[in-house]
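Reading through the structure tokens given below for one structure.
Each reported figure results from applying straightforward, stated rules to the coordinates on display, with no laboratory input. Keep in mind it's a predicted model, so treat the numbers as computed, not measured. Note that we place each Cβ from the backbone using ideal geometry, even for glycine, and neighbour counts take in every protein chain shown.
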Amino acid sequence: MPFDREEPIRPRTPARRLLRTVLARLAGGPARRPGAPPGSAPAGAPSPGPASGPPPVGPLPDGAAPDNVFGRLKSALRPSWRSRLVGFAVIAVLLWQVLADGDFLGPPRSEDPAALERRVEEILSGDPVLRGRHAATILALARLRAGQGRAGEADALFDAALTAGPRDWPGHCDHAELLRAMGQTERAGAKFRIVAGHAERDDLQERARRGLAALGPDADVPPPAAPEPPFPDLEFVLLDYGSSGAHLLPDLARDLGRIMGTAARVGLSRYSPGPPDRAALSQLRLLRDLLPAAASRLLPPGTDGQIDADRLLREMRADLLPVQRPGDPVPTLAYIAVTDTDLFAGEANFLFGGALPGYAVISSARFRAAFTGEPPDRRRLLDRLLKQAVSSANFTLGIPRCDDPDCARAYPRSLEEHDAKPAALCPVCARRLRARLVELRADLHPARNDAL
């Protein structure tokens, strides 16, 4: 319909009369009796005398309401510049949150290769936690290097990008095809199987099917998972650092030991993480007051602050007994602190967990129903904590991050991705863990160096 076409006059329904009444009240003027002509007195008021002249021209006096609906709306909004300013501030905060989320539109298509290379170098030299926001930029350079025939560099860039963002199925396909061209059939098959198990698009499924067929008849059969040998003479110790879910810790220790193939127990003492190191996303407090449903996804209710994970890990290393001491009957491989307090580190707004060799901290703050708005569910909370504990426990042993989204060690960029991955190790990480535990047993129990 042309913009200059006049709309047909709509009848005044009861809803429209109610709207006029509400707008009049907002504007500070009286409301007319239903069905009364314009200019008549409000209900219960004495009838005015005859008009003394034409209606006044210019601004309305204080308390007067314009007779027209849009005029009343304008009059109602005129004194509310503070409300409009607050609205603009809320919109700006929301846009900042979206834009800060990284390459949600992908890297610029026209970016100069030299500029792209500099940008990727900056990303890779920065905080590893923030790389997930820029996985698409790293992938763009990986594809560029693959097209230039620089396979070794492309392989390393694909690894970095898909470790930061393991759910990019086209990226896994491109990496698999590069690996197949390099003759690395086992790695290529693993990548194609990842795509075949997750991608919904027909074209990606067809690429994975053709890729597996090109690798040979046995390529589409996943390799058997390495058995998890029991290492009861090595243990992880969970520590209560201000956790209100202390009842979860025994179950968490049991499940962690089952997956890691070691002993795991809960420490007897309870510790304090100390006072908060910064206000918890204080820039969103106004948003929390105005839009609680939106703010609840970013700011846990009742959270007064966040703990610096790096600071807490340094204190744990200084205050607790040393780990991995030869001669102990059951040497402690690592201490894992469990806390309810939200975590941050460096430029990251929040963390699910952090780790150093021998020490880790995980937080349940963003896993709880009070934060997510879900109905309370103990099993779900335990499952989320277990995935993070498995990932952090492997970090304490020096085992690198995994790029398989079907592994508990895959990097999640959101709680949804954290929920999507299983609480189990992929075959590659299971083999890495077994090799590391055999090595540690040889160092810590020289007399028990059984060849398992």
Can you give me the P(r) profile for region 113-215? Cα pairs, bins 5 angstrom wide beginning at 0, each as a whole percent. 2, 14, 25, 21, 19, 11, 6, 1
Using the per-residue mean of other Cβ atoms lying within 10 Å as a proxy for protection, in what order, highest first, do the peptides 188-199, 358-369 fall? 358-369, 188-199
Going by average Cβ neighbours within 10 Å, how do the peptides 339-347, 132-140, 322-330 rank, with the highest at the top? 132-140, 339-347, 322-330
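Starting from the Cα-Cα distance between ARG317 and ASP383, subtract it from 0.36 nm times their residue separation and give me the gain in nm to one decimal.
On the way: separation 66, 0.36 × 66 = 23.76 nm, distance 2.71 nm.
Result for the pair: 21.1 nm of gain on full extension.
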Order the peptides 429-440, 142-153, 268-279, 230-241 from the highest to the lowest mean number of other Cβ atoms within 10 Å of their residues. 230-241, 429-440, 142-153, 268-279
Please give, to one decimal in nm, the separation of the simple spin-label points placed at LEU356 and GLU117, each 7 Å out from Cα toward the Cβ. 3.7
Please express the Cα-Cα pair-distance distribution P(r) of region 231-448 as a list of whole percents, one per 5 Å bin, running from 0 to the bin with the greatest distance. 1, 7, 15, 19, 20, 16, 11, 6, 3, 1, 1, 0, 0
